[in-house]
1. Solvent-accessible area of Glu19, probe 1.4 Å, all protein chains present, reported in Å² to the nearest ten, please.
2. Can you list residues whose amide H is under 5 Å from Ser57's amide H, if they're 5+ apart or on another chain and H is modeled 1.01 Å from N?
3. Would you mind getting me the FRET efficiency between Thr8 and Leu38? Use the beta-carbon distance for r and R0 = 22 Å, nearest 0.05.
4. By accessible area of protein heavy atoms, probe 1.4 Å, what ranking do Ser84, Ser57, Ser48, Ser74 get, highest first?
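The values are calculated or read from the model by the stated rules, or taken from the named source; none is laboratory data. Worth saying up front: this structure is predicted, and the values here are computed from it rather than measured. As a convention, Cβ positions derive from the backbone with ideal geometry for all residues, glycine included, and neighbour counts pool all protein chains shown. Note: accessible area is taken over every heavy atom of the protein model, side chains too, but ligands, DNA and RNA are not part of it. Shrake-Rupley method; radii C 1.70, N 1.55, O 1.52, S 1.80 Å.
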Amino acid sequence: LQWGEYYTDPVKVPSGDFEVRLQVRHTDPGELERCKTLACVLEMKLASPLKVGVHASRAAAMGFHGAPDGKPLSVVLEEGGLLSLFVSAPASPPDWLEPG
């Protein structure tokens, strides 16, 4: 469907089953090792609402002990400001989600 560099244009695909194949190349094996946890962004409409946790740190979202979390996050952003938020997986998968 598409090939390109690190940042590519969005691709809209029809309904159906698809397989994502990703090839990453680098001359430094250490950099390739870091790519083992590379994220893949998929956007799709959900069949029904999905409740997830939103956290101020990646460690808190992953459930690491001692991560600063638990307090409600209260932030005022100036125009053009940015804030990173981290979403954790739901406690149990929704009924409409199939394994795989």
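1. 140 Å²
2. Hits under the 5 Å cutoff: Phe86.
3. Numbers: r = 14 Å, r/R0 = 0.65.
Working from the Cβ atoms, E equals 0.95.
4. Working: Ser84 80, Ser57 25, Ser48 45, Ser74 110 Å².
Listed by decreasing accessible area, they come as Ser74, Ser84, Ser48, Ser57.
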